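In what follows, a structure is listed as structure tokens, so that the remarks can point back to it.
The values are calculated or read from the model by the stated rules, or taken from the named source; none is laboratory data. None of the values given here were measured: they were computed from a predicted structure. Using ideal geometry, Cβ is built from the backbone for each residue, glycine included, and neighbour counts are taken over all protein chains shown. Side chains included, ligands, DNA and RNA excluded: accessible areas come from the protein's heavy atoms. Shrake-Rupley method; radii C 1.70, N 1.55, O 1.52, S 1.80 Å.
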Amino acid sequence: MKVATVVIWNLIITFTFVLSQSAFASSESFQKVWNDNSGKHVLIIDKKLDSKDGGVALLVKQVTGNSNDWILKDFVRNCDEDIKLDILPDSVEVNKKFPDGVGTILFAYKIGCVGGVDPVTVKYFAFKDSVKYSLRGEEHIIVGSEGFGGEKIPVPDFNLKNDKSLLKYMMGKWDSIFTTKVN
């Protein structure tokens, strides 16, 4: 009787472990479709648990027809604390209002390995004609009436520095992108 009880408990523990592992194996996926002069485009954002090392991987790409226009990959690996990789849904847009009229893809996410409520890196990207533009900074966290993190101004890459209208647009949205309110 004791052996049967031990076997049953081991099966329950194993089954519970497998279920908990499958819950972590979930992915987040998002697609946005639009048309412009060059055809139908699909933006794909895919976040998945990397089962090999327990990390999280992010894949963002634009597909036109059957070909990839561009691909961005990012990940958090070897993190013994909490992994944060949060896509900011309100930042995802296709903007055709810039002077050249080309559909510009914009999206942002927060990424890092933290223990507790700590600021992480914020990456805000734009892709226009398959050229990557980026604005990088640190998350600003507000708890109650106190705020911390994000004291330094965000840093634009070379491409963004040379596209003044896009830089102005992204800087105008930065406050809403880099701020996290904790209740």
In region 51-62, residue least open to solvent (accessible area, probe 1.4 Å) [restricted to those that are more than 11 Å from the chain's Cα centre (by Cα) and farther than 14 Å from VAL131 by Cα]: GLY55
As an exercise: evaluate ASN78 against (1) more than 19 Å from the chain's Cα centre (by Cα); (2) at positive phi and give the number of the one condition it does not meet. (1)
Scanning for something of a type in the set (S, T, N, Q), surrounded by fewer than 18 Cβ atoms within 10 Å (Cβ to Cβ) and within 27 Å of VAL94 (Cα to Cα), does region 136-156 turn up at least one residue? no
Has region 96-108 got any residue that is among the hydroxyl-bearing types (Ser, Thr, Tyr) and under 18 Å from MET170 (Cβ atoms)? yes
Among the residues of region 66-87, write down those that are open to solvent by 60 Å² or more (accessible area, probe 1.4 Å) and in a loop (DSSP other than H, G, I, E, B). ASN66, ARG77, ASN78, ASP80, GLU81
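Can you find, within region 160-177, the residue that is farthest from the chain's Cα centre (by Cα) among those that are free of Cβ contacts under 8 Å to residues at least 60 places away in the same chain and open to solvent by less than 60 Å² (accessible area, probe 1.4 Å)?
Here is the first cut: in region 160-177, the residues free of Cβ contacts under 8 Å to residues at least 60 places away in the same chain are 160-164, 167-168, 171-172, 174-175.
Those left that are additionally open to solvent by less than 60 Å² (accessible area, probe 1.4 Å): 160, 163, 167, 174.
Working: LEU160: 19, ASP163: 23, LEU167: 20, TRP174: 15 Å.
The extreme case among them is ASP163.
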Hey, does region 37-46 have a residue that's surrounded by fewer than 10 Cβ atoms within 10 Å (Cβ to Cβ) and either of a type in the set (A, V, I, L, M, F, W, C) or modelled with pLDDT of 75 or more (or both)? yes
Read through the list (1) among the aliphatic types (A, V, I, L, M); (2) open to solvent by 60 Å² or more (accessible area, probe 1.4 Å); (3) at pLDDT below 95, then give the number of the only condition that VAL102 fails. (2)
Quick check on region 11-29. Is at least one of its residues open to solvent by 80 Å² or more (accessible area, probe 1.4 Å), touching a Lys or Arg at 6+ places or on another chain (Cβ under 7 Å) and at pLDDT below 90? yes
